[in-house]
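Participant: Here's a structure for you.
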Amino acid sequence: MEGIVLYEKRGPIGTVTLNYGHAYNTLTLESMEALEATLKEIAARREVAVVILQGNEKTFSSGHNFREIQELDLQGVYDLFQRSFRLKQTIREMPQVVVAKVRGIAVAAGLELVAVADLAVAAESARFGTPGINWGLFCSTPAVFLSRNVGRKKAAEMLFTGNLYSAREAEGMGLVNRVVPDEALDEATEALAQAIARHSLDVIAIGKRMFYQQLQMQDFEALAYATEVIVRNSKHPDAVSGIQAFCEKRTPVWHDGIERAAASTEAAARGSQVGERAEG
C-alpha cells in the first residue's frame, strides 16, 4: 500500500494525499484501508490539530471502483462498504478538524469524503456529483452525508439526475465553505487550516464531538447537553489558562504539546482576507 496515501506534517497541520492517480483516486478496499490507517495513526499521535485531505494534482476522488464491485461477490461488496463506513466514522470521530481540499472531480464516494469532512475548500475548476444512477447503482451511501450538508430538494436533484455541478454551485448549496481560483487553492486552504490549528487540540476535540452530537437533538435537549459540555470545558487546563491569558491580555499557551510557529498566528489572521479576495 506504499504510495497510495501520502502524509506530510508541517507544524500543527497534517496533509493527507490520495495518490491513486492512475485510477482517478478510486476508493478501493486497498486505498480505503490505507487512508483509514493513516487517519487513525494521526488521531492517536495527536501531533497536529488540523488534517487537510486532498487528492493529487489531477483529481480529488472519483469514488468506488466499479470494476472491483463487479468482480466481488455479495459478501465482498458488503465488506467493501463496511470498510467505507469505518473510514467515514474515523473522519467523524478523530479529534482533529478535517478540511477537504478539492481539485478536479469529487463524485460519488469521493463527494461523500467532502461531505463528511468538517470543512471544504474547492478550486473553481472542481466538479461535484453523484452519478451512480447513470450506471444503475444509486449513490445511496453518498446520499447520507450529502443530504446533511445541502437542502433536501437540491440533494434529491443531484442524486436523481446524476449531473455534475460546478464548484460555485457546490458553494451555493453549502457543500463547500469557499471556492477560490485554482492558483489560490493552496494558500486559501492553508490559511483556513492555520486559523483552526492555532487553537487547543483538546478544545477542538471537545467542540467537534459536541457539534455533531447536538445536531440530531431537539432544541432544549441540545441546549442541556451543550450546557453540560461547556461547564466541564470551563475547568479544562486549556480553558483555565486561556481565560487567564485573556484577563492578562496575552496570547494563551496550550497544553497539547503541538508545536506552533509564530507565523501560524499571522497566517490565521490572513485567512479571512484570502477568502474575501477570492470571493470578490
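Participant: Test of understanding: among E190, E169, which residue is of a type in the set (D, E), part of a helix (DSSP H, G or I) and over 27 Å from P131 (Cβ atoms)?
Facilitator: Only one candidate passes the filter, namely E190.
Participant: A further question on this structure: Among the numbered criteria (1) surrounded by 21 or more Cβ atoms within 10 Å (Cβ to Cβ); (2) outside the structural domain of I52 (by TED's automatic domain parsing), which single criterion is violated by L185?
Facilitator: For L185, the exception is condition (2).
Listed here are the residues, each with its yes/no results for (1) out of contact with any strand residue (DSSP E or B) (no Cβ under 7 Å at 6 or more places or on another chain); (2) among the β-branched types (V, I, T); (3) closer than 24 Å to K58 by Cβ; (4) at pLDDT 95 or above.
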| site | (1), (2), (3), (4) |
| --- | --- |
| C139 | yes, no, yes, yes |
| N149 | yes, no, no, yes |
| A155 | yes, no, no, yes |
| G172 | yes, no, no, yes |
| V176 | no, yes, yes, yes |
| E221 | yes, no, no, yes |
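Participant: Which residues, taken from region 41-78, are under 14 Å from Y7 (Cβ atoms) and of a type in the set (S, T, Y)?
Facilitator: Within region 41-78, none qualify.
Participant: Restricting attention to region 141-182, report how many residues are surrounded by 20 or more Cβ atoms within 10 Å (Cβ to Cβ) and of a type in the set (G, A, S).
Facilitator: 3
Participant: Also: Regarding region 191-214, can at least one residue be identified that is over 23 Å from the mean Cα position of the chain (by Cα) and of a type in the set (K, R)?
Facilitator: The answer is no; no qualifying residue exists.
Participant: What is the one condition in (1) closer than 28 Å to R45 by Cβ; (2) loosely packed, with under 12 Cβ neighbours inside 10 Å; (3) modelled with pLDDT of 95 or more that V229 does not satisfy?
Facilitator: (2)
Participant: Given the condition farther than 20 Å from R178 by Cα, surrounded by 24 or more Cβ atoms within 10 Å (Cβ to Cβ) and touching a Leu at 6+ places or on another chain (Cβ under 6 Å), answer yes or no: does some residue in region 69-83 qualify? I'd like the intermediate steps shown before the answer.
Facilitator: Initial filter on region 69-83 (farther than 20 Å from R178 by Cα): 69-83.
Within this subset, residues satisfying the condition of being surrounded by 24 or more Cβ atoms within 10 Å (Cβ to Cβ) are none.
Checked region 69-83: no residue is farther than 20 Å from R178 by Cα, surrounded by 24 or more Cβ atoms within 10 Å (Cβ to Cβ) and touching a Leu at 6+ places or on another chain (Cβ under 6 Å).
Participant: With respect to the numbered conditions (1) modelled with pLDDT of 95 or more; (2) buried (at least 19 other Cβ atoms within 10 Å of the Cβ), which one is the sole condition not fulfilled by A37?
Facilitator: (2)
Participant: For region 198-212, give me each residue that is small (G, A, S) and under 23 Å from N149 (Cβ atoms).
Facilitator: If the condition is that a residue be small (G, A, S) and under 23 Å from N149 (Cβ atoms), then A205, G207 are the ones that fit.
Participant: Still on this model: What pairs come out if I take residues in region 64-86 that are touching a residue at least 60 places away in the same chain (Cβ under 8 Å) and pair them with residues that are surrounded by 11 or more Cβ atoms within 10 Å (Cβ to Cβ) and of a type in the set (V, I, T) whose C-beta lies under 9 Å away, six or more apart or interchain?
Facilitator: Listed by first residue and then by second, the contacts come to F66/T26; I69/V77; F81/T141.
Participant: Taking region 193-246, which residues are outside any helix (DSSP H, G or I), over 30 Å from R10 (Cβ atoms) and basic (K, R)?
Facilitator: K235
The values are calculated or read from the model by the stated rules, or taken from the named source; none is laboratory data. All values derive from a computational prediction rather than experimental measurement. Here Cβ is always computed from backbone atoms with ideal geometry, including for glycine, and neighbour counts include all displayed protein chains.
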